[in-house]
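A short reminder: the numbers here are calculations on the coordinates, not readings from a lab. Source: prediction; values computed, not measured. FYI the Cβ positions are ideal-geometry reconstructions off the backbone, even for glycines, and counts take in every protein chain you see.
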Amino acid sequence: MGIKSKPILGVCAALVLSGCGGAGYHASSVQQGLEGEKLTVGTVQREIRKGMSGAEVAQVLGSPNIVSTDEKGREVWIYDKIATDRVYSTSSGGVSALVLGGALAGVGVAGGGVGAGYSSSAGAVSTTQRTLTVIIKFDEEKRVRDFAYHSSRF
């Protein structure tokens, strides 16, 4: 291997290795994209309290999916939320280089060039499904008397 080809080989090796970190970066970006859910167990725990009116519950959680009554005629609201998150992140890039060399040939200059190029792409995708079921039981005065919730993520 000649002296002139060693720098080119070094540059190409550095470019190849720099592409290895790309997929890890994108995986991190995908996970950040999944954050910021709207209706969560935390929202229920923070906002829903015994004694709240139905209007206050609706302001926090929105309209329920199901409204029914128990054996004593008291209202029961059920929120059943299902969400599928699909996040995709990708990037691509490349570098081109032209290495020129020359030699004196009599009075003129004779030269040649070597071209090198590198391109790469990296990406990550994540699909997650979330479910949240919230059951709110009201008393005779239409105030929250009890609530329960169940959350899953897969």
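List of remarks:
- With θ taken as phi - 60° and the Karplus curve 6.51 cos²θ - 1.76 cosθ + 1.60 applied, the whole-hertz 3J(HN,Hα) list for segment 60-74 is 7, 9, x, 6, x, 6, 9, 10, 9, 10, 8, 5, 9, x, 7 Hz, x standing for glycine and proline.
- For the listed peptides 146-152, 136-142, a ranking on the average number of other beta carbons within 10 Å per residue, highest first, reads 136-142, 146-152.
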